[in-house]
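Single-structure report; data block below.
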Amino acid sequence: SVILDNGRTIANNPLELRDGRLSMNFDHLMECLDKNAKLLFFCSPHNPGGTVWRRDELERLGEICKKNGTIIVSDEIHSDLVFQGHKHIPTASLLEEASQNTITLISPSKTFNLSGLTTSVAIIPDHDLRRRFRQTIQGLHWNIPNIFSITAFESAYRQGDTWQKQLLTYLENNLNILMDFFESEVTPIKVIKPEGTYLVWLDCRELGMGRDELKAFMTGKAKVGLNDGCLFGVGGEGFQRMNIACPLPVLIKALERIKHAVKTL
């Protein structure tokens, strides 16, 4: 809605589910960019799919956008939350050309649970692009953060190593328990195993429900408040997003509710 309300149009480039992992369709992406697309919003790691993009994927993306003169806005807000066996690579770090063509967005809000302080950073190496960005921000009076946000921001990044490591250990344990539970107890719902983030993309299409029916089933029958997949755009139909950044007993209670609800079908 923000895009449309600002007089722009949306060219959707849905991800494809391949071998249990959401991946980019580069051929279709080139078709989208050929329609004079000026800006690409890119989520890395991906929310809600949990994909941590590999170097070859990022290089291909960068090459395509550079060729088309498309600026990449790389949302890396979940970059501190990557599971074992995977590594986050900043989009702007690959090539000098990529850094000059990329706006990187970071924030401590997800890793350190500081969303309410609404503090974030835009990293823009290109001088002209940074100047234009600053002019827009100043014109909207968004350029003056509050002192509490700044203090929390600095404290999180300077002193938050222990928190982040403990958080990742806890999240990975929650994830393993969730994966085992659905595989053994709720087989109609398939889990897209995340490589990062604390969000899990659940494939509920085998339940055979439409959007409204699935939403009513989860909230009314299972008594769990998940995020409806359709909120995330094209390709989200039949999916639900689950937040596992919670105490394990709460997660288990939610899983049990889903299991009992599915058994009534």
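Derivation of every value follows stated rules applied to the coordinates shown; laboratory data play no part. Because the structure is a prediction, the values reported are computed rather than measured. Glycine also receives a Cβ, built like all others from the backbone with ideal geometry; neighbour counts cover every protein chain displayed.
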Base-10 log of normalised Debye intensity for the stretch 1-147 (one unit scatterer per alpha-carbon) at q = 0.11 Å⁻¹: -0.46
3J(HN,Hα) from dihedral phi, the stretch 219-227, Karplus parametrisation 6.51/-1.76/1.60, rounded to Hz, x for glycine, proline: 7, x, 8, 7, 6, 10, x, 8, 8
Whole-Å distance, taken between Cα centres, linking the stretch 101-140 and the stretch 185-201: 30
Set of lysines with alpha-carbon distance to Lys221 below 27 Å, sequence-local pairs under 8 removed: Lys190, Lys193, Lys253, Lys259, Lys263
DSSP bridge pairs, the chain: antiparallel proportion in percent, nearest 5: 65
Rg ratio (alpha-carbon, reference 2.2 N^0.38 Å) - the stretch 10-51: 1.21
Lysine pairs within the stretch 1-89, Cα separation less than 18 Å, 8 or more sequence positions apart or different chains: 4
Packing-based ranking, highest mean first, of 101-109, 229-237, 9-17 given that Cβ atoms within 10 Å are counted: 101-109, 229-237, 9-17
Residue-averaged [θ]222 nm for the chain, counting only DSSP H segments that reach four residues, each worth -39500 (n - 2.57): -12000 deg cm²/dmol
Antiparallel DSSP beta bridges within the stretch 1-135, as percent of all bridges there, nearest 5: 40
Convex hull per residue volume in Å³, alpha carbons only, for the stretch 55-137: 90
Hits among aspartates and glutamates - C-alpha to C-alpha of Lys165 under 15 Å, sequence gap 8 or more where chains match: Asp80
For the stretch 4-17, 3J(HN,Hα) per residue [Karplus equation, 6.51 cos²θ - 1.76 cosθ + 1.60, θ = phi - 60°, Hz, x = Gly/Pro]: 5, 5, 9, x, 10, 10, 10, 10, 7, 10, x, 6, 10, 7
Cα-Cα separations in the stretch 152-265 greater than 19 Å, expressed as whole percent: 47
Debye intensity ratio in log₁₀ form over the Cα atoms of the chain, taken at each q of 0.12, 0.14, 0.15 Å⁻¹: -0.84, -1.12, -1.25
Normalised convex hull volume, the stretch 59-208, alpha-carbon set, Å³ per residue: 173
Fully extended contour minus Cα-Cα distance, from Leu15 to Glu172, at 0.36 nm per residue: 54.1 nm
Centre separation in Å (Cα based) which lies between the stretch 1-20 and the stretch 40-80: 13
Cα gyration tensor category, rounded, prolate or oblate, for the stretch 26-72 with a/c compared to 1.5: prolate
At R0 = 22 Å, FRET efficiency that the Cβ-Cβ distance of Asn146 and Val2 yields, to 0.05: 0.45
